[in-house]
Amino acid sequence: MRRRGAHRHEASLEPPPGYYGAVGGVPDATQRGLILDWVVSRRVAAGWRVEFRTGSQAVLVRGQPVNHVLHAFLTAFSCCASGVVWAVLALTNKVERAVLTVDAQGQVITVGAP
């Protein structure tokens, strides 16, 4: 079992050579979509999930947010015993987002999002 904070092996973001055949070296919109499909599939295999996707851009998420309403009820009904668990989860849990964009030259640009 892998720890939550452990680094995972990141997949290559560039498609393999010859994945798309661009005329003149500049891919069209369909080919940029294929490049993005390749990158998204590699990230999904590494544990990310797709939150939003357009033709040349995708927002990927890894991690789950803390359910504060559930933990508030559990804390109230357990006479504050589960408050410690709630505090630890709230402090250590993190949700990562990454925005992937394919530019006009077919290069994948990754930006960390809040």
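Every number in this text was worked out from the coordinates using simple rules, so none of it is lab data. Bear in mind the structure is a predicted one, so any value in this text is a computation, not a measurement. Quick reminder, even Gly has a Cβ in these numbers, built from the backbone with ideal geometry, and neighbours come from all protein chains shown.
Among residues of the stretch 62-85 that are under 30 Å from Ser41 (Cα atoms), those with a beta-carbon under 6 Å from a residue that is part of a helix (DSSP H, G or I) at least six positions away or on a different chain give the pairs Val66/Leu89; Val66/Ala90.
Consider Thr54 carefully, then state whether it is among the hydroxyl-bearing types (Ser, Thr, Tyr), without any contact (Cβ under 8 Å) to a residue 24 or more places away in the chain and either closer than 21 Å to Ala29 by Cβ or out of contact with any helix residue (DSSP H, G or I) (no Cβ under 9 Å at 6 or more places or on another chain) (or both).
Values: among the hydroxyl-bearing types (Ser, Thr, Tyr): yes; without any contact (Cβ under 8 Å) to a residue 24 or more places away in the chain: yes; either closer than 21 Å to Ala29 by Cβ or out of contact with any helix residue (DSSP H, G or I) (no Cβ under 9 Å at 6 or more places or on another chain) (or both): yes.
So Thr54 passes the test.
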